[in-house]
Amino acid sequence: MENNLIEKQLKAAADLNRIKLLACMKNGEVCVCDFVDVLGISQPAVSQHLRKLKEAGIITERKVGTWKHYRLVEEQTPLMKGVLEQIEPLNGCNCGSDCTNIREEN
């Protein structure tokens, strides 16, 4: 595995808020609106954490209307597989009443 990718993934995973985001996504796709409630931080701060995880190739996003939904990338590197195995799934990461959770085929 490329050293730059290892560095990016380790840096992305080395933050408690990003670990919580990953724990939420272990149960499946999550809307950005739910991360604000789970972390108790502002939406711009959540977006910055998600950007770092996305740039590291750990998560992916899809847009549904005005909302973005995030999920773990299916093909993880061996490094991230090991990290993700250690993270316990976090319940309560479900779309709230102000978000329409519509499944669309990609």
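Search the range 27-54 for residues being assigned to a loop (DSSP other than H, G, I, E, B) and within 16 Å of HIS69 (Cα to Cα), and hand back the single one that is most open to solvent (accessible area, probe 1.4 Å). Checked the range 27-54; the qualifying residue most open to solvent (accessible area, probe 1.4 Å) is ASN27. Can you find a residue that is assigned to a helix (DSSP H, G or I), open to solvent by 20 Å² or more (accessible area, probe 1.4 Å) and either modelled with pLDDT under 95 or farther than 30 Å from ASN4 by Cα (or both) anywhere in the range 91-104? No, the range 91-104 contains no residue that is assigned to a helix (DSSP H, G or I), open to solvent by 20 Å² or more (accessible area, probe 1.4 Å) and either modelled with pLDDT under 95 or farther than 30 Å from ASN4 by Cα (or both).
In the range 8-26, the residues that are over 19 Å from VAL36 (Cβ atoms) form Cβ pairs under 8 Å with partners that are open to solvent by 10 Å² or more (accessible area, probe 1.4 Å) and not in a helix (DSSP H, G or I), at six or more places apart or across chains, as follows: LYS8/GLY57; GLN9/GLY57; GLN9/THR77. Look at (1) assigned to a helix (DSSP H, G or I); (2) surrounded by 14 or more Cβ atoms within 10 Å (Cβ to Cβ) and you find that GLU61 fails only one, number (1).
Here CYS24 fulfils each of the conditions (1) surrounded by fewer than 18 Cβ atoms within 10 Å (Cβ to Cβ); (2) in a helix (DSSP H, G or I); (3) not β-branched (Val, Ile, Thr) apart from (1). When the range 64-82 is limited to residues that are of a type in the set (A, V, I, L, M) and assigned to a helix (DSSP H, G or I), the one that is nearest to GLU29 (Cα to Cα) turns out to be MET80. Checked against the criterion of being modelled with pLDDT under 95 and out of contact with any Phe, Trp or Tyr (no Cβ under 7 Å at 6 or more places or on another chain), the candidates GLN48, GLN76, GLN43 yield just one match: GLN43. Look at the range 68-85: where a residue is more than 16 Å from LEU50 (Cα to Cα) and a partner is open to solvent by 80 Å² or more (accessible area, probe 1.4 Å), sitting 6+ places away or on another chain with Cβ atoms under 8 Å, you get THR77/MET1; PRO78/MET1; LEU79/MET1; LEU79/LEU10.
The values are calculated or read from the model by the stated rules, or taken from the named source; none is laboratory data. Keep in mind that this is a model prediction, so the values were computed, not measured. FYI the Cβ positions are ideal-geometry reconstructions off the backbone, even for glycines, and counts take in every protein chain you see. Ligands, DNA and RNA are stripped out before the accessible areas are found, and what is left, the full protein with its side chains, is counted by its heavy atoms. Shrake-Rupley method; radii C 1.70, N 1.55, O 1.52, S 1.80 Å.
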